[in-house]
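The values are calculated or read from the model by the stated rules, or taken from the named source; none is laboratory data. On a predicted model such as this, the values are computed, not experimentally measured, just so you know. Because the Cβ atoms are built from the backbone with ideal geometry, glycine has one as well, and the counts that use them run over all protein chains shown. Side chains are part of the model used for accessible areas, which takes the heavy atoms of the whole protein and leaves out ligands, DNA and RNA. Shrake-Rupley method; radii C 1.70, N 1.55, O 1.52, S 1.80 Å.
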Amino acid sequence: TLSLTHDLSLLLQITIALSPDTIQSLMRLISAILYAGNTSFTPSNDMHSCKLAKTKAALACAALLGITFDGLASALTSRSILAGDEIVHKPLTIEESGKACEALINAVYGAAFDFIVEKVNQSIVGDRHEHGRQVASIGVLDIFDSRLLKSTALNKSVSTTTTRLFTTCLLFNS
């Protein structure tokens with residue numbers, strides 16, 4: 001898999017002119033998404049809230065996102081509500097925390113996807129014009145279906161979709 005990562009990195013550099021730093025950042029985000037899919041939550045003593053289990057997956061996810069474990073745990077297990085001048089923190093149940101994790105995965109994936117689409121468009125449009133208009137751009141490469149984010153299939157679907165994303169980017173630009 002190290003060779004595949006290296007080959008993918010070279011292809012992204014050549015085909016859509018991404019810098020090595022940008023590719024490394026994208027790989028970190030994709031890795032964080034995959035680790036987030038392996039996080040788990042445990043019930044708190046009150047049985048109405050939960051805690052993020054301090055697993056290797058959760059620690060790796062936080063590190064790859066550039067935040068602390070406590071910051072990730074807080075983001076996934078509580079909701080902040082602005083009530084007047086004060087902020088109220090409401091703990092989430094295990095089910096709600098799972099949905100918060102899915103929302104995080106969806107948001108990070110969406111941002112990475114939008115970034116790659118923009119870069120692909122920039123690389124294929126270039127200076128080509130037809131009748132004073134730019135030509136050869138794309139709007140959608142792949143659709144991330146959030147309904148696929150079921151806890152048992154999360155890792156497989158995110159991994160498959162991510163692979164399709166990178167493959168499609170490369171195919172559209174070859």
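Take I87 and T55, extend 7 Å from each Cα along the Cα→Cβ direction, and tell me the distance between the two endpoints in nm.
Placing both labels 7 Å beyond Cα along the Cβ direction yields 2.8 nm.
Please report the net charge: other residues with Cβ closer than 13 Å to the Cβ of H48, K and R +1, D and E -1. Let's see the in-between values first.
On the way: positive: K51, K90; negative: D46, E95, E96.
Computed value for this residue: -1.
Going by Cα centres, the range 23-51 and the range 86-120 are how many Å apart?
One Cα centre to the other: 11 Å.
Mind listing the long-range amide H neighbours of L92? Cut-off is under 5 Å, sequence gap 5 or more, other chains count too, H placed in the peptide plane at 1.01 Å from N.
Amide H neighbours of L92, under 5 Å, 5+ apart: C50, S78, R79.
Where the accessible area of the range 71-124 is counted over protein heavy atoms with a 1.4 Å probe, how much of it, in %, is carbon and sulfur? Write out the running numbers ahead of the final one.
On the way: 1670 of 2900 Å².
Carbon and sulfur: 57 percent of the exposed surface of the range 71-124.
Counting other C-beta atoms within 10 Å, and keeping those with at most 12, which DSSP coil chymotrypsin sites (Phe, Trp or Tyr not before Pro) do you find in the range 34-131? Write down the numbers at each step before the final one.
Details: sites: Y35, F41, F69, Y109, F113, F115; in loops: none.
In loop regions of the range 34-131 (DSSP not H, G, I, E or B), there are no sparsely surrounded chymotrypsin sites (Phe, Trp or Tyr not before Pro).
In sequence order, what are the phi-derived ³J(HN,Hα) couplings for the range 19-35 according to the Karplus relation 6.51 cos²θ - 1.76 cosθ + 1.60 with θ = phi - 60°, rounded to whole Hz, with x for glycine and proline?
6, x, 5, 5, 5, 4, 5, 5, 5, 4, 5, 5, 5, 4, 4, 5, 5
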